[in-house]
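The values are calculated or read from the model by the stated rules, or taken from the named source; none is laboratory data. None of these values were measured; they are calculated from a predicted model. Here the Cβ positions follow ideal geometry from the backbone for every residue, glycine too, while neighbour counts run over all protein chains shown.
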Amino acid sequence: MTTERTTIVTENLVKRFGEFTAVDEVSFAVHPGEIFGFLGPNGSGKTTTIRMMLGLLTPTSGNVEVLGVPVLEQPEAIRGRVGYMSQRFSLYNDLTVLQNLRFYGTAYGLSNKELNQQIDRALQMAGLEGRENVRTHELSGGWRQRLALGAAILHEPEVLFLDEPTAGVDPLSRRDFWELLYQLVADGVTVFVTTHYMDEAEHCHRLALLQRGQIIASGSPDEMRNQGMHGQVLEIVSSDSARAVKVLRAAKIEGRLPLESVELYGSLVHVIAEGVESLQDALALELKQSEIESGRMAVIEPSLEDVFIAYMRD
């Protein structure tokens, strides 16, 4: 099933819990030395998929290979070659930074000089030097995240699986964390990461979009933008963005404006339509009639969130 240019391959992966299908015929391949993003909302099947790839959960049907190893038949054969960072970081909060690293290093089979060398490397990589004796519960979310990553790479894995690694972490820590991932990829590590943050998807070499257990699109961020968007994106600043969305959606449903979709994007409104630039006056009039002031309107490049909404709509 695998080739020279694949590190992970899944074929028709299915997982059912009773009558509920959590993962439905999922197939993809991950290439060496890339960051592959598994993107989707909570409950879309991301964690279930990653646990099957690690041999922690048995599929209902389908196959998984990691580093050429058939995971269903030989799950123990990959465990020394992969690293895993779960959603909850899997750290012992009552232990110090150093104690956590020693525990995980020993669990990975490291000892004596090699263990000490790898701990020093992990501390340096994660920027935790000087914090060795701090108890884990005293660290901020961003530093716990770095510690969990350090623990996951102590044994120098070839593939790193990260399940929602930045959930609940502040934006600055999230950015720093991705810088660490780039360092690992530069060292030849392949990274498989699940996330529901659209901005993080921009950092991945390739993506798969998951919705209700099925892959609805895949490719590089640019490929997905080019293939998934039917129309242009017009960004609107308004005096009441939430109400503006309702008004413009009503105009779409009632056939007054030929719009593909209208979405709230932070404090802004994103309108998607063919030739949307020519609709600016009509959009402004529609809002004015509902006593909503429209400010700047500009055609912009679609974000991955725009693309994801377009794929889900289709």
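Being of a type in the set (A, V, I, L, M) and in contact with a Lys or Arg (Cβ under 6 Å, 6 or more places away or on another chain), is that true of even one residue in the range 114-126?
Yes.
State all residues of the range 215-272 that are without any contact (Cβ under 8 Å) to a residue 24 or more places away in the chain, assigned by TED's automatic domain parsing to the domain that holds residue 300 and of a type in the set (Gly, Ala, Ser); if no residue qualifies, say none.
242, 250, 255, 266
Taking the condition surrounded by fewer than 19 Cβ atoms within 10 Å (Cβ to Cβ), touching a Phe, Trp or Tyr at 6+ places or on another chain (Cβ under 8 Å) and under 27 Å from residue 37 (Cα atoms), does residue 263 pass?
no
Residue 281 - would you say it is in a helix (DSSP H, G or I), in the same structural domain as residue 180 (by TED's automatic domain parsing) and free of Cβ contacts under 8 Å to residues at least 60 places away in the same chain?
In short, no.
Give the residue that is nearest to the chain's Cα centre (by Cα), with candidates limited to residues of the range 265-278 that are outside any strand (DSSP E or B) and farther than 11 Å from residue 236 by Cβ.
Step by step, filter the range 265-278, then rank; the result is 266.
If you go through the range 284-305 one residue at a time, how many are part of a helix (DSSP H, G or I) and either touching a His at 6+ places or on another chain (Cβ under 6 Å) or within 20 Å of residue 239 (Cα to Cα) (or both)?
6
Mind telling me which of the residues 313, 256 ends up being within 30 Å of residue 213 (Cβ to Cβ), at pLDDT below 95 and in contact with an Asp or Glu (Cβ under 8 Å, 6 or more places away or on another chain)?
Exactly one of 313, 256 is within 30 Å of residue 213 (Cβ to Cβ), at pLDDT below 95 and in contact with an Asp or Glu (Cβ under 8 Å, 6 or more places away or on another chain), namely 313.
Is the range 49-72 home to any residue that is loosely packed, with under 15 Cβ neighbours inside 10 Å, over 20 Å from the mean Cα position of the chain (by Cα) and assigned to a strand (DSSP E or B)?
yes
Taking strands (runs of 3 or more DSSP E) that fall entirely within the range 184-224, which contain at least 2 residues that are loosely packed, with under 15 Cβ neighbours inside 10 Å?
none
Please go through the range 144-173 and give me each residue that is surrounded by fewer than 20 Cβ atoms within 10 Å (Cβ to Cβ), assigned to a helix (DSSP H, G or I) and of a type outside the set (S, T, N, Q), ordered by number.
171, 172
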